[in-house]
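Here the structure is laid out as structure tokens; the discussion comes afterwards.
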Amino acid sequence: MTLKQYQQRALDDLQRYLEALREAETEYARVRAVSEQAARFLHPPRMAWEKATGRMAYAERLNGLGEPVADLYLKIPTGGGKTLLACHAIDLLQRTLYERRSGLVLWVVPSTEIYRQTARALRDRRHPYRQLLDVHTAGRVLLREKDERFTRQDVEHNLVILLLMLPSANRENKQTLRVFRDSGGFTDFFPPEDRWPEHEALLREFPNLDCFGDDATAPGSPPMARQVMTSLGNALRVNRPILILDEGHRAFSDKARQTIANLNPRFILQLSATPPTGANKLVDIGGRDLDREQMIKLDIHLHNKTGKPDWKDTLLSAVAKRNALEETAQAYRQNGGDYIRPICLVQVEQTGEKLVNDHTRIHARHAEKYLIEHCGIAPGHIAVKTSDNDGLEGVDLLDEGCPIRYIITKQALQEGWDCSFAYVLAILSNSGSETGLTQLIGRILRQPYARDTGIQPLDECYVFTFRQSSTALANSIKGNLEKEGLGDIAGSIVTDDVSAPSREAVFREKFKHFEGEIYLPKFVVPTADGGFRNFIYESDLLPEIDWGSFDITPVLAFNPLASEVKTTDAAVGYSGSAGFDQLAVKSAGEHSDTAEIDLVLMTRQLVDVIPNPWWGYDYARRIVDTLSEKYGRAVIAANFIKLVLWTKHQFEAQRINKARHVFERMVDEKRLLFLLLHGKGGYFLPSRIQVRGSNMLHHGSNMQVVQKSLFDFEPDEEFNGEERAVALFLDKQSELLWWYRNRVGDKHYSIQGWQPKRVFPDFIAAKKHPEQHDEFSHIYVLEYKGKHLKDNADTVYKRELFERCNDMTWEELGEQFAGKQFRFQMIYQDEYEQVLGKAFSG
């Protein structure tokens, strides 16, 4: 599964932290070996945090053994792929920090729905999440739930993932919650009942184990008569698990913090849409990141019926919209698009069967009856999901054979439920209170197949309600978006009732003479008729790569972990012939710890890099044969997964270089041009754009709105903190004529280079002409990056692409820019003020 840019960025940040943590823990161990006293003043997770992030504020955490433990948050909005990132994070932790493939992971989730989804994905060997873990562990993944046992051998030879719901871990009474009770099923991790000295030895190593008895023993009883409970809680403590907390903010009470620390985790990774204040937020992903990657449907259209409508009018309008969307989706499919069956979620006020006859509030059965009898909806197209009746149990809503088009619920879909076909939300309530009425908004945001269709109605979502205060309802939806970690897209709520203000922005009056005249250069391919068309990476560049020319020499530098990995299996027990404090080995055997060499699997992993499977298979065969001859086939089998990842990494670097060479060759041969086309085929800034928000961007010091934006309305809601700072700095430059904040999407300016994804620059700014102050002399295309991202792969690529654009001659850019200068510029968090100040100085 190909990662989105923001997902890769998150993993890069985590990788950087883990490498710093590994160094810090090495230093900690060195100091501790010399002086325990001195080591107490060191906190490796804090040391790594300061080195990896450059930030000083860090909330320290100790585990139940009093040891420093890393406790990090990845802020990822709903729909951002938390589970996928968690799987990748487990691999990073295992490889970077612990250098192992086995061990124990405790994965805690907050709700039944999320629990079911996560368990289903991790159990299914065909699911991408499970396949990802299988690749990294050579297929040795064991999923266990709280009622399922695991053994010492399981943990030593497999990656055991224990999935729990938060209420099971956040104990109030350890004698009543099963995770802390003496279940009797984990005896493999503890001494037999009558081995008192061994119990005491284990308690000295893990003082926080739950046990029977205490230090004050009764007269006549054996000395040190404490006995460790054979509970799941204790099994977790002695295995020091990696802890993954999905929606970790749910566990941020004092009691929850104590509970989590008491499980003796070696690393805590929390994934949440809304981390609490003071959390160690390593990664901060917002709704705009998801929007750029086509993960969500925007705009959110809010239809609020006023006057004297009732819930039936609202439902009827929602039905009409869903029907129209299905017609559009069918036409899209007939033209080669993906299958989409738009679904309408209907939120009612009550669902209990005893309340059916209460007509003062809208019941699920009332809505179902109206859909069938008045809207002509087939009963099989409707599902009712409540806490008591799950009409979606076992239903695959994405399957083409599934008939469901309407789902009626009260609150059962509020968390964890996921279906990207959900487009329409009908809120059926005549209450003036918005509490609880808009919490389903996150369920209709996901974009099918995580890519835009290019058809506006299928790339947006719709909310229908009635007799609400439009302002209050929009604010309520905004509040719920913030709870989903999507607060920065709150400006994308478009109120479609007649009283809603226009969100169209136009050129400021003083810039009207630029309408239709601000052209920007782009890479184009000459056509046979003397014209030009857009350069397309997939059809213009990839076919010219010689897939048979990849060099396997760098791959052959692969260094296996060991000459051969052997595993000895032994059943250890207490023999009747052994002494009181002796163990006896009952059986033992040795075998090679190998993964099967699977060339087809290796080819499938390489297809993201080498799309030609025939060449991919040939490379896989040659690599495996050559390395097997050098090291032996058993050694390569034992290191097979590591070899696959190494090969993919080496070939990815080669593919980028080959694509770059093809790109440069096409430029040299004039088959690829960077032109500013005036008129047909050219790109010019649109003179009207749709913006989303109600508050004009303004300077915080005096609340004065921006004065030099090209458009007359730049909503504050569309800017994140760093973008806002850059825009406000530009607005204060005396020699700046205008600035424009570029958006993401087909209508906005982008540059297609030698990598698959187009680059959408952040800002475009014009410098005043020294003589004609209402004209410009320079155009700057600006891309902003945080200081910690200066040297990551994405930044390096954009910097090189911008340098290539700057190398193009003005003759190639066209006569329309004669006497003017064009500059593509990377700007960084720690120096943008200096760079822009110099660019826009007199």
For Lys767, all conditions in the list (1) closer than 30 Å to Arg655 by Cα; (2) in contact with a strand residue (DSSP E or B) (Cβ under 9 Å, 6 or more places away or on another chain); (3) open to solvent by 30 Å² or more (accessible area, probe 1.4 Å); (4) at pLDDT 90 or above hold save one; what is the number of the exception?
(1)
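Conditions (1) out of contact with any Gly (no Cβ under 6 Å at 6 or more places or on another chain); (2) at pLDDT below 85; (3) assigned to a loop (DSSP other than H, G, I, E, B), marked per residue:
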position	(1), (2), (3)
Asn430	yes, yes, yes
Ser433	yes, yes, yes
Gly436	yes, yes, yes
Gln439	yes, yes, yes
Gly442	yes, yes, no
Pro457	yes, no, no
Tyr462	yes, no, no
Gln468	yes, yes, yes
The correct count of residues that are closer than 25 Å to Asn208 by Cα and either among the charged types (D, E, K, R) or open to solvent by less than 30 Å² (accessible area, probe 1.4 Å) (or both) in region 8-63 is 12
Where in region 1-70 are the helices (runs of 4 or more DSSP H), entirely inside, with at least 3 residues that are among the hydroxyl-bearing types (Ser, Thr, Tyr)?
5-34
How many residues, within region 488-531, are touching a helix residue (DSSP H, G or I) at 6+ places or on another chain (Cβ under 8 Å), open to solvent by 10 Å² or more (accessible area, probe 1.4 Å) and at pLDDT 70 or above?
2
Can you tell me how many residues in region 628-665 are open to solvent by 60 Å² or more (accessible area, probe 1.4 Å) and not hydroxyl-bearing (Ser, Thr, Tyr)?
11
Lone unmet requirement of (1) in contact with a helix residue (DSSP H, G or I) (Cβ under 8 Å, 6 or more places away or on another chain); (2) closer than 20 Å to Ala261 by Cα; (3) not charged (D, E, K, R) for His43
(1)
If I ask for residues that are in contact with a strand residue (DSSP E or B) (Cβ under 6 Å, 6 or more places away or on another chain) and open to solvent by less than 40 Å² (accessible area, probe 1.4 Å), which ones from region 779-800 would you list?
Ile779, Tyr780, Val781, Leu782, Glu783, Tyr784, Lys785, Thr795, Lys798
What residue, of Asp712, Asp762, Asp668, is open to solvent by 20 Å² or more (accessible area, probe 1.4 Å) and either without any contact (Cβ under 8 Å) to a residue 24 or more places away in the chain or small (Gly, Ala, Ser) (or both)?
Asp668
In this structure, is Lys757 in a loop (DSSP other than H, G, I, E, B), among the basic types (Lys, Arg) and in contact (Cβ under 8 Å) with a residue 60 or more places away in the chain?
yes
Residue satisfying all of: in region 270-288; out of contact with any Asp or Glu (no Cβ under 9 Å at 6 or more places or on another chain) and modelled with pLDDT of 85 or more; most open to solvent (accessible area, probe 1.4 Å) among these
Asp284
Enumeration of residues in region 78-101 that are buried (at least 20 other Cβ atoms within 10 Å of the Cβ) and assigned to a loop (DSSP other than H, G, I, E, B)
Thr78, Gly79, Gly80, Gly81, Arg101
Any residue at all in region 723-730 that's touching a residue at least 24 places away in the same chain (Cβ under 8 Å), assigned to a helix (DSSP H, G or I) and open to solvent by 40 Å² or more (accessible area, probe 1.4 Å)?
yes
Applying the selection to region 295-338, what residues are assigned to a loop (DSSP other than H, G, I, E, B) and surrounded by fewer than 19 Cβ atoms within 10 Å (Cβ to Cβ)?
Thr306, Gly307, Lys308, Pro309, Asp310, Asn335, Gly336, Gly337, Asp338
Of the residues in region 354-405, those that are open to solvent by 80 Å² or more (accessible area, probe 1.4 Å) and closer than 21 Å to Leu425 by Cβ come to Arg361, Lys369, His374, Ser387, Leu398
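The values are calculated or read from the model by the stated rules, or taken from the named source; none is laboratory data. Quantities reported herein were computed from a predicted structural model and do not represent experimental measurements. Using ideal geometry, Cβ is built from the backbone for each residue, glycine included, and neighbour counts are taken over all protein chains shown. Note: accessible area is taken over every heavy atom of the protein model, side chains too, but ligands, DNA and RNA are not part of it. Shrake-Rupley method; radii C 1.70, N 1.55, O 1.52, S 1.80 Å.
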